[in-house]
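S.K.: Got a structure for you, written out below as structure tokens; questions coming shortly.
The values are calculated or read from the model by the stated rules, or taken from the named source; none is laboratory data. If you're wondering where the values come from, they're calculated on a predicted model, not measured in any experiment. Here the Cβ is made from the backbone with ideal geometry for all residues, glycine too, and neighbour counts use every protein chain on show. Side chains included, ligands, DNA and RNA excluded: accessible areas come from the protein's heavy atoms. Shrake-Rupley method; radii C 1.70, N 1.55, O 1.52, S 1.80 Å.
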Amino acid sequence: MRRLAGACARRAQAASEAWLVMGAYGHSRIRQLIVGSTTTTLLRLSKVPVLILR
């Protein structure tokens with residue numbers, strides 16, 4: 001998941017994108033704590049504003 005989030009963040013920045021829009025869906029809090037999520041990682045890594053749709 002971290003590789004995917006990093007690749008998306010780098011690609012958006014390299015292309016000088018104004019926004020990064022992605023869909024998300026919920027997981028249980030326990031799974032989120034253990035595994036994490038691409039969405040959470042992307043929010044941390046991205047230099048481009050991220051809009052998340054549920």
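S.K.: Note the direction-averaged projected area, equal to a quarter of the hull surface, for the Cα convex hull of the chain, in nm².
M.R.: Projected over every direction and averaged, the Cα hull of the chain covers 3.5 nm².
S.K.: Per residue, how much accessible surface does the chain expose to a 1.4 Å probe? Answer in Å², no decimals. Show your work: numbers first, answer last.
M.R.: Numbers: 4310 Å² over 54 residues.
Here the residues of the chain average 80 Å² of exposed surface.
S.K.: Sticking with this one: Tell me, what % of the accessible area of the chain is carbon and sulfur with a 1.4 angstrom probe?
M.R.: Ligands and nucleic acids excluded, carbon and sulfur give 57 percent.
S.K.: Also, quick follow-up: Can you compute the modelled spin-label distance between A24 and L4, with each label point 7 Å from Cα toward Cβ, in nm?
M.R.: Each label point lies 7 Å from its Cα, and together they span 1.4 nm.
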